[in-house]
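Worksheet: one structure, shown below.
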Amino acid sequence: TRGGFVKRLVWLIAVIGLLASACQAASEQLTEQIIEQQEGVSDVDIDTDSGEVSIETDEGTISIGGDIPADFPFPFPDGYTVGSSFISDQGGNVVAIYPYERFDELRTYTDQWTQSQGGEWQTSFNEITSAEGKEIRSANWFSDEMQLVLVDNCIDEGGEDATCLTVATS
């Protein structure tokens with residue numbers, strides 16, 4: 001009967017969904033176990049929902065993906081999405097994506113922040129015109145412990161022009 005077929009189809013879809021979830025969890029667990037067998041690695045946690053990976057080693061912790069830690073040494077202004085994040089006990093690299101029109105505001109903010117930190121900072125600003133006639137701007141700040149790069153030629157998750165602020169620490 002048609003009602004029986006629909007019930008079996010719904011049941012089959014539910015079973016396939018459960019199997020897919022179980023396979024994902026099993027794959028995640030197997031990947032964690034394989035990485036944990038590497039010399040110097042004590043614990044691995046992979047969160048496939050958020051894309052975050054955390055690895056405990058003899059030399060410290062490494063975190064890939066996820067949010068920017070509250071204790072990251074650069075205070076990113078609000079209004080960003082995380083493009084990428086790699087944090088370890090030895091340093092990190094974070095890319096924050098902002099709306100395209102915030103380039104000048106972010107340049108001023110970063111100028112003021114670096115000046116407030118003291119120490120020696122080397123800075124540069126570049127503006128070029130692409131072959132397509134688009135203006136591309138970049139600003140750079142360098143110290144012995146940190147590099148900041150601001151560009152207005154990156155793309156956000158929606159495929160729109162954006163401004164990216166990359167901060168690398170050592």
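Every residue in segment 121-141 that is small (G, A, S) and at pLDDT 95 or above, please. Hits for segment 121-141 are S124, S138, A139. With respect to being more than 19 Å from I68 (Cα to Cα), in contact with a Ser or Thr (Cβ under 8 Å, 6 or more places away or on another chain) and surrounded by fewer than 18 Cβ atoms within 10 Å (Cβ to Cβ), I136 fits the description.
The single condition among (1) open to solvent by 30 Å² or more (accessible area, probe 1.4 Å); (2) assigned to a helix (DSSP H, G or I); (3) in contact with a Phe, Trp or Tyr (Cβ under 6 Å, 6 or more places away or on another chain) that T114 does not meet is (1).
Of the set (1) surrounded by 18 or more Cβ atoms within 10 Å (Cβ to Cβ); (2) at pLDDT 95 or above; (3) farther than 20 Å from G159 by Cα, all apply to I87 but (2).
From the residues in segment 143-160 that are open to solvent by 70 Å² or more (accessible area, probe 1.4 Å) and in a strand (DSSP E or B), which one is nearest to T110 (Cα to Cα)?
Here the residue is Q147.
Report yes if some residue within segment 142-156 is in contact with a helix residue (DSSP H, G or I) (Cβ under 6 Å, 6 or more places away or on another chain), modelled with pLDDT of 90 or more and among the charged types (D, E, K, R); otherwise report no. Yes, segment 142-156 has at least one match.
L165 meets each of the listed conditions (1) open to solvent by 40 Å² or more (accessible area, probe 1.4 Å); (2) touching a strand residue (DSSP E or B) at 6+ places or on another chain (Cβ under 7 Å); (3) of a type in the set (A, V, I, L, M) apart from (1).
The values are calculated or read from the model by the stated rules, or taken from the named source; none is laboratory data. Fair warning: this is a prediction, and the values are worked out from it, not measured in the lab. Backbone-built Cβ (ideal geometry, glycine too); neighbour counts: all protein chains shown. Protein only, heavy atoms only, side chains kept; ligands, DNA and RNA dropped before computing areas. Shrake-Rupley method; radii C 1.70, N 1.55, O 1.52, S 1.80 Å.
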